[in-house]
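Asker: My structure is below; once you've seen it, I'll send some questions.
What follows is calculated from the coordinates using simple rules that are stated; it is not laboratory data. From a predicted model like this one, the values you see are computed outputs, not experimental measurements. Note that each Cβ is placed from the backbone with ideal geometry, even for glycine, and that neighbours are counted across all protein chains shown.
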Amino acid sequence: MTLLGYLMLPVGLACLLLSRKYLYRIFVFWTLFSATSVINFGEGENASALQVWMLFGSLWILRLILEKVSTISFALDHRILRPSLWLIAFLLVALISLIMPMYINGALAITSPILGDTSEIPLYLTAHNVTQILYLVFGVVIAICVAQSNLQDEQRHETEKIILLSAIFISVWGLFQFLCNVTGLPYPDAIFNNSGSASAKGFLQTLDSGVSRITSAAVEPSVLAQSLITVLPLTLPAWLKRGYILSSFIDRSAAVLFITLLILCTSSTAYLGLLMFAVMLLAALLRTRTLSMAKATKIAVSATSIAAVVIGAAVSSMPIARDVATAVLLDKSSSASALERVRTVALAYGYFQQFPVLGIGWGSATSHDLIVKLLSNVGFIGTFTYLGAMWCVIRSNWRTLGPLINPMGLSRFVWTLSFAIFLLTSVLTGFPLAFGNFWLILGMAIATSWQADGARVLALGSEPA
């Protein structure tokens, strides 16, 4: 158990007995801390960790179950039923896919899940498959419970305040890490980078130019970037003068802080994600009629020109900016790690070609992207149900995006953007199975999707018979 674990476990048990509300609040706050654990298991490449958000998420679900047992009520709210059923369908397909390792029974050799290890091992059903499916079960349950708990304006606003505070905290911690890198001060990784997992050592990464990378409390720079980009939409109401989460000043300052960290973290996910964010934001503003097409075009051209000038000036006049741009963007595709990632994608696609219906079983194939990982692990049936679930949530929210004049409209606006950007960045980084912020954002997007169906029913009902 980590030092933080000794502090968090008593807090969690106390909240389990006394307060469901505080269990939920603490769970939400820690969802961005993907490198922070309470307990580490195993050693080396086989090590894993129980993250803080997992502990409090588990205790929160346990408390919910105990309360439901006492009231004998387990029904899902009808407003979130359809997307929840899509998620459950995907989960069932993933469970069924576990028959594939038993069916293959060693007849197929699969590549090692360790990046850079080219060895192959026969495929059998192992404990790894079981733990991966348990991660998925836990994530789906978390997402549905988050959706059920955030159907009211007050509940959503509280969740938005907590996750924004969490993002501000990890951004400040990221600036502190940057200061340590610049000044040579020792970085206290034992506090928030205490995960024993081999994949959580991103704070040790440096570019070929010697620039130390920023991870804050995330496992690696790309995960930090994804976390900040997907929280960035929460600051938009303050900029649009339609409301705020904490206050107009704090929300706007938070946006500047997030963008600063996204630039400093030297992650291609950050830079491509900011571009995705800008494109999605313009589309959403057009959809909500906040901007006209003419004004949106003018803003897009102006922003592109300014960004090009600033980036060009920085790269041409600052050697460190040039080195970062070269390492992160230009040399990325030819680096050894990038080539190895491409190799895993190609091998995983080969597994799918051999077993296209259910893949080779959930948790069996390693692929550093989203689509091929799904195809190779759960086949086209599992990929269809996953994409169906994601499309159901996006479509329901997008169809009802309208003028930003009430809390529900603002929440739908920010969570639709957040969810869409998370999905787009995950296409390049893989399935975010062990990241709490994915399941939280998915749950919030489900919570804001229900009114879309209600609006459709009302519209149909108003038509003449």
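Asker: What is the total of Lys pairs in the range 3-450 with C-alpha atoms under 19 Å apart, excluding same-chain pairs fewer than 8 positions apart?
Answerer: 4
Asker: While we're on this one: For the range 192-258, just the Cα set please: Rg and Dmax, both in angstrom.
Answerer: 15.4, 45
Asker: More than 19 angstrom separation, counting every C-alpha pair in the range 378-453; what % is that?
Answerer: I get 35 percent for the Cα pairs in the range 378-453 exceeding 19 Å.
Asker: Just from its helices, what would the mean residue ellipticity at 222 nm be for the chain, if runs of 4 or more DSSP H residues each count -39500 (n - 2.57) and the sum is divided by every residue, rounded to the nearest 500 deg cm²/dmol?
Answerer: After summing the helix terms and dividing by residue count, I get -22000 deg cm²/dmol.
Asker: In whole angstrom, how long is each semi-axis of the equivalent ellipsoid of the range 1-70, when you take the square root of 5 times every eigenvalue of its Cα gyration tensor and sort them from largest down?
Answerer: Semi-axes from the Cα gyration tensor: 24, 12, 11 Å.
Asker: Shifting gears a bit: Have a look at the range 125-165 and give its Rg and Dmax from the Cα atoms, expressed in angstrom.
Answerer: Rg then Dmax for the range 125-165, in Å: 14.8, 45.
Asker: Once the Cα atoms of the chain are picked out, what are the Rg and Dmax in Å?
Answerer: So, for the chain, Rg and Dmax equal 22.3, 75 Å respectively.
Asker: Semi-axes of the equivalent ellipsoid for the range 148-262, please: Cα gyration tensor eigenvalues, times 5, square-rooted, ordered largest first, whole Å.
Answerer: They are 30, 16, 11 Å, listed largest first.
Asker: If you place +1 on the Cβ of every Lys and Arg, -1 on the Cβ of every Asp and Glu, and leave all else neutral, what size is the dipole of the chain about its Cα centre, to the nearest 20 Debye?
Answerer: Computed charge dipole of the chain: roughly 1340 debye.
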